[in-house]
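Here the structure is laid out as structure tokens; the discussion comes afterwards.
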Amino acid sequence: MQLFLALALLALFALPSRAADSARPNIVIILADDLGYGDLGCYGHPNIRTPNLDRMAAEGMRFTEFYSAAEVCTPSRAALLTGRYPIRSGMCHDQFRVLRGRSLGQLPDSEITLAEALKAKGYTTGCVGKWHLGVPQFNPGGHPRKHGFDFYFGLPHSNDMDPTPLAPKGAGKLAEQKAEWWNAPLYRDDQIIERPADQTTLTRRYTDEAVKFIRANKAKPFFLYFPSTFPHTPLFASKDFFGRSPRGIYGDVVEELDAAVGKVLDTLRQEKLAENTLVFFTSDNGPWLIMNQQGGSAGLLRDGKGSTWEGGMRVPGIAWWPGKIKAAQTQRTLASTMDLFTTSLKLAGADVPADRPIDGVDIRPLLFGTGTVSREAYFYYRGTRLMAARAGDFKAHFMTQSAYGQPKHEEHPVPLLFNLKVDASETFNVATNHPAVLSQIAQAVEKHKAALQPAPSQLLEVQPLPEKK
Ligand code: MG
């Protein structure tokens, strides 16, 4: 009898398997824009109320050393969706840091996006929110639907691009906004359905679309990429949130985003998809500090968006998958948005592209508590410049530049060295105490650079303005 049972079990597991096929989990990535490391309750903010993200962390895993792969929007998003440092795709530039409102460049067609790779494995793919990897008004090839997404609803670029002549100088910094200052187009699939987009209802509408997408596709595996427009400035919140947060409009906006996350998780629970869905929440880069009170906080980390100091690139990272990821865990191992590419493909049973360097690593052992993940070094780029590298606990800066206000980078012939476990704020340079660490990092950089083939930048060309009559 026991032998029979054993054979029956063996046969069951040996089946090539519809069972394994239906196990392909859904993937949901929610990406905040310019949300700082210190802006959530579960990351120590004293009065921005984020009960849904706090609960997500309590039911899942909160990373303390999670990194975006760039310090500004466009390269960061390119890296997340390709698993590669943006220098490899050309989605970065030293002067023009991101795609602009009239840019003609795009994520090159030769790049394989997470959406394309998952689609090839039978996933339905949707992008709801800010794209910023092409401006379809001027280059149809830059549209999300040309890069693996079946469905798109959102703004093609940042909400402060395309200001109207009515916008005063520095309008993004102001707490009190006027709708007529901004002319951003809202897309549904290939069509512009509203211009200017009513930004006060944007988060609510993104959430509705995300929920609809999940419900419509619940019978088969799906990938939902939900890059929020906010808390990038200008800040707009809907009626239910406006004026409610003690932190002001920035708090209103983050609290509305928190509610959006809550709705997505509730929908997954209601549809009985929670135990077959990985949800990951993170931010594309650190807080935009020059926006004054309308910018967020990197907490104890140094500097913010635009900089390769920790505050520019270390961001919140929360993973949730009830039944698979154990509750209430704090993960202190370094991980990055590029890892979401590799990890998602592994979860889907897809091959990681072998014809090109992929910088993301498979972090399933971290998520599921089954082992460790090794990584020789992590590289911090600003545009095409390799500014810093981290190996283990130590980070070496070869060049530094404050996010804004320091016109030129400063080179460090002897790199600055910080022990991030001891000194997360990068205050105490310990280079003279650790020559061996410096040479280990130098070797990792040599190796990285020797194999690197930078792609030509996509961020240069723009559609000229029409001539004035
Ligand atoms: Mg951003």
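The values are calculated or read from the model by the stated rules, or taken from the named source; none is laboratory data. Since the structure is predicted, the reported quantities are computational estimates derived from the model, not experimental observations. Heads up, the Cβs are rebuilt from the backbone with ideal geometry, glycines too, and the neighbour counts pull from every protein chain shown. Note: areas computed on protein heavy atoms with side chains; ligands, DNA, RNA excluded. Shrake-Rupley method; radii C 1.70, N 1.55, O 1.52, S 1.80 Å.
Residues whose amide H lies under 5 Å from that of THR124, counting only those 5 or more places away or on a different chain, are PHE222, PHE223; hydrogens are built 1.01 Å from N in the peptide plane. Mean residue ellipticity at 222 nm, helices only, the chain: -7500 deg cm²/dmol; runs of at least 4 DSSP H residues each add -39,500 (n - 2.57), and the sum is divided by the number of residues. Computed over protein heavy atoms with a 1.4 Å probe, the accessible surface of the chain works out to 41 Å² per residue. Ordering ALA32, LEU99, LEU289 by Cα displacement along the dipole of the range 24-368 toward the positive end leaves ALA32 in first place; charges were set at the Cβ atoms of Lys, Arg (+1) and Asp, Glu (-1). Accessible surface of the chain, 1.4 Å probe: 55 percent of it comes from carbon and sulfur atoms. Distances between every pair of Cα atoms in the chain, grouped in 10 Å steps from 0 to the bin holding the largest one, split as 4, 21, 32, 26, 12, 3, 1, 0, 0, 0 percent.
What is the Cα centroid distance between the range 397-417 and the range 287-332, reported in whole angstrom? Using only Cα atoms, the two centres lie 22 Å from each other. Computed over the range 393-442, relative contact order equals 34 percent, with contacts defined as Cα pairs under 8 Å that lie 6+ residues apart. Computed on the range 24-368, with alpha-carbon pairs under 8 angstrom and 6+ residues apart, the relative contact order is 32 percent. Peptide packing: for 266-278, 345-357, 153-165, the average count of neighbouring Cβ atoms within 10 Å per residue gives the ranking 153-165, 266-278, 345-357, highest mean first. Under 19 Å of direct C-alpha separation, and excluding same-chain neighbours fewer than eight residues apart, LYS468 reaches these aspartates and glutamates: ASP162. The range 117-168 and the range 214-281 have Cα centres spaced 18 Å apart.
Listed by number, the DSSP H helices of the chain that run 15 Å or longer by alpha-carbon position along their axis and have mean Kyte hydropathy of at least 0.5 are 2-14, 337-348. Classify the range 347-469: rounded, prolate or oblate, from the alpha-carbon gyration tensor (a ≥ b ≥ c, eigenvalue square roots; a/c under 1.5 rounded; otherwise prolate if a/b is larger than b/c)? Because a/c hits 1.5 or more and a/b fails to exceed b/c, the range 347-469 counts as oblate.
Percent of alpha carbon pairs in the range 216-335 separated by more than 19 Å? Distances greater than 19 Å cover 57 percent of the Cα pairs. For the residue pairs LYS239/LYS305; LYS121/LYS449; LYS178/LYS305, alpha carbon separations beyond 30 Å are given by LYS121/LYS449. Close amide-amide hydrogen proximity is noted between GLY90 and ALA455, each under 5 Å apart and 5 or more residues distant or on a separate chain (H modeled in the peptide plane; Pro and chain starts excluded).
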